[in-house]
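Asker: Below is the structure I would like to discuss, written out as structure tokens.
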Amino acid sequence: MSNARDIKRRIKSVKSTQQITKAMKMVSAVKLRRVQTSLLALRPYAIKLQSILDHLGGGFGHPFLEEREIKRVCYVVIAGERGLCGSFNGNLLHFATEQIAACPHPHSLLLLGNKAYDYFHRQGYDQEIIETNINLSDYPNFFQGKDLAHQLVTSYLANEYDQINIVYTEFKSAMSQKPTMKQLLPIIHQPGEEEELFADYIFEPNAAALLEAVLPQYLETTVYRILMESKASEHGARMTAMSAATDNALDMIDRLTLSLNRARQAAITTEIIEVVSGATAL
């Protein structure tokens, strides 16, 4: 059995780790609350845009809506900047690898997040990586989403890619996140979005002009929403992981304290036996 000094040293080390994980949990909780508030405010607007687009989409020719012969596909993979968030990055990156491996067409990778670049670099995807952004903010803003959407749209209209897919983690709750892939371009109606019964709208000046105005807003809002979903998932996963680590540290401290008490008791018993043995010998 380890002596009391070694056990005390381990208890001190575990308590120090516990303080760190507890602080990280609190920081992640604050970040999650801030991003989640913005995300929940954004979702109704994004869903309404999707609803309008579904209503307008039929019968109008537009480059964003027309299917092409697929020659090259672009995958935008959004992962975390840091670790210590449980299986968040691992699940997302394995899901992305499966989706990319199943693609029969030549493809390119646009990676957002330090963990995405590290993973695909280790896996030997250097030839497919066209760009990386490893300095994502913990609080994405609309202009970041707008700039990324503009970059993707420009590449799509220049025929660099015939399909653009975004792989990210959809935020369900702090305890639940789901790796997801969404086809950004060409725009398709994807099942799973909230539906509504369409009213008989009167468009002014006309439906085609409204569609022309809605499409860029839809793309910008969709990309911004995806960035928010990914960051909320990362903060939620880190908060959950640090909460579990803090609880595990507390359990370890309890077990080490019990071992320390047993070691002390054994040492005291040994000393008593030695004293009694010495007295008997005299």
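The values are calculated or read from the model by the stated rules, or taken from the named source; none is laboratory data. What you are looking at is a predicted structure, and each value in this text was computed from that prediction instead of being measured. Note: ideal-geometry Cβ built from the backbone for every residue, glycine included; neighbour counts use all protein chains shown. Heavy atoms of the whole protein, side chains included, go into the accessibility calculation; ligands, DNA and RNA do not. Shrake-Rupley method; radii C 1.70, N 1.55, O 1.52, S 1.80 Å.
Asker: Going by the structure shown, is LEU136 closer than 30 Å to HIS62 by Cβ and either modelled with pLDDT of 90 or more or outside any helix (DSSP H, G or I) (or both)?
Answerer: no
Asker: From TYR45, TYR75, which residue is touching a residue at least 60 places away in the same chain (Cβ under 8 Å) and within 29 Å of ILE129 (Cα to Cα)?
Answerer: Every option except TYR75 fails the conditions.
Asker: Shifting gears a bit: Can you find, within segment 137-170, the residue that is most open to solvent (accessible area, probe 1.4 Å) among those that are under 23 Å from ARG34 (Cβ atoms) and among the small types (Gly, Ala, Ser)?
Answerer: SER137
Asker: Now for a different question. Just one of (1) at pLDDT below 90; (2) under 12 Å from the mean Cα position of the chain (by Cα); (3) not aromatic (Phe, Trp, Tyr) trips up ILE188, so point out which.
Answerer: Evaluating ILE188 over (1) at pLDDT below 90; (2) under 12 Å from the mean Cα position of the chain (by Cα); (3) not aromatic (Phe, Trp, Tyr) leaves (2) as the failure.
Asker: Got at least one residue in segment 92-101 being assigned to a loop (DSSP other than H, G, I, E, B) and of a type outside the set (S, T, N, Q)? Explain how you work it out, then say what you get.
Answerer: So the first thing to find is which residues in segment 92-101 are assigned to a loop (DSSP other than H, G, I, E, B), and the list is none.
No, every residue in segment 92-101 fails to be assigned to a loop (DSSP other than H, G, I, E, B) and of a type outside the set (S, T, N, Q).
Asker: Can you name every residue in segment 208-241 that is closer than 21 Å to VAL167 by Cβ and among the hydroxyl-bearing types (Ser, Thr, Tyr)? Steps first, answer last, please.
Answerer: Start the filter on segment 208-241 by keeping residues that are closer than 21 Å to VAL167 by Cβ, which leaves 218-238.
Once the filter is applied, which keeps residues that are closer than 21 Å to VAL167 by Cβ and among the hydroxyl-bearing types (Ser, Thr, Tyr), segment 208-241 yields TYR218, THR221, THR222, TYR224, SER230, SER233.
Asker: A further question follows. Answer with yes or no whether LYS115 is part of a helix (DSSP H, G or I), of a type in the set (Lys, Arg) and surrounded by 18 or more Cβ atoms within 10 Å (Cβ to Cβ).
Answerer: Yes.
Asker: Another one. Give the residue, chosen from GLY57, GLY61, that is modelled with pLDDT under 85 and touching a Leu at 6+ places or on another chain (Cβ under 7 Å).
Answerer: Testing whether each residue is modelled with pLDDT under 85 and touching a Leu at 6+ places or on another chain (Cβ under 7 Å) leaves just GLY57.
Asker: Tell me whether segment 262-282 contains one or more residues that are open to solvent by less than 50 Å² (accessible area, probe 1.4 Å), without any contact (Cβ under 8 Å) to a residue 24 or more places away in the chain and over 49 Å from the mean Cα position of the chain (by Cα).
Answerer: yes
Asker: Kindly provide the set of residues from segment 234-248 that are open to solvent by less than 10 Å² (accessible area, probe 1.4 Å) and within 12 Å of VAL14 (Cβ to Cβ), ordered by number.
Answerer: Once the filter is applied, which keeps residues that are open to solvent by less than 10 Å² (accessible area, probe 1.4 Å) and within 12 Å of VAL14 (Cβ to Cβ), segment 234-248 yields nothing.
Yes/no per residue for (1) open to solvent by 40 Å² or more (accessible area, probe 1.4 Å); (2) outside any helix (DSSP H, G or I); (3) in contact with a helix residue (DSSP H, G or I) (Cβ under 6 Å, 6 or more places away or on another chain):
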{"site": "LYS12", "(1), (2), (3)": "yes, no, no"}
{"site": "ILE20", "(1), (2), (3)": "yes, no, no"}
{"site": "MET24", "(1), (2), (3)": "yes, no, yes"}
{"site": "TYR45", "(1), (2), (3)": "yes, no, no"}
{"site": "PRO63", "(1), (2), (3)": "yes, yes, no"}
{"site": "ILE70", "(1), (2), (3)": "yes, yes, no"}
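Asker: Could I ask something else about it? In this structure, does GLU81 turn out to be part of a loop (DSSP other than H, G, I, E, B), surrounded by 16 or more Cβ atoms within 10 Å (Cβ to Cβ) and of a type in the set (D, E, K, R)?
Answerer: Yes, satisfied.
Asker: Output the qualifying pairs, or none if there are none: Cβ atoms under 6 angstrom, residues six or more apart or on different chains, first residue in segment 84-97 and at negative phi, second residue among the acidic types (Asp, Glu) and assigned to a helix (DSSP H, G or I).
Answerer: CYS85/GLU234; PHE88/GLU234
Asker: Is it the case that LEU227 is in contact with a Pro (Cβ under 8 Å, 6 or more places away or on another chain), open to solvent by 10 Å² or more (accessible area, probe 1.4 Å) and assigned to a helix (DSSP H, G or I)?
Answerer: yes
Asker: For ASP251, indicate whether it is under 28 Å from THR169 (Cα atoms) and either at pLDDT below 90 or of a type in the set (Asp, Glu) (or both).
Answerer: Considered against the rule, which asks whether it is under 28 Å from THR169 (Cα atoms) and either at pLDDT below 90 or of a type in the set (Asp, Glu) (or both), ASP251 comes out as no.
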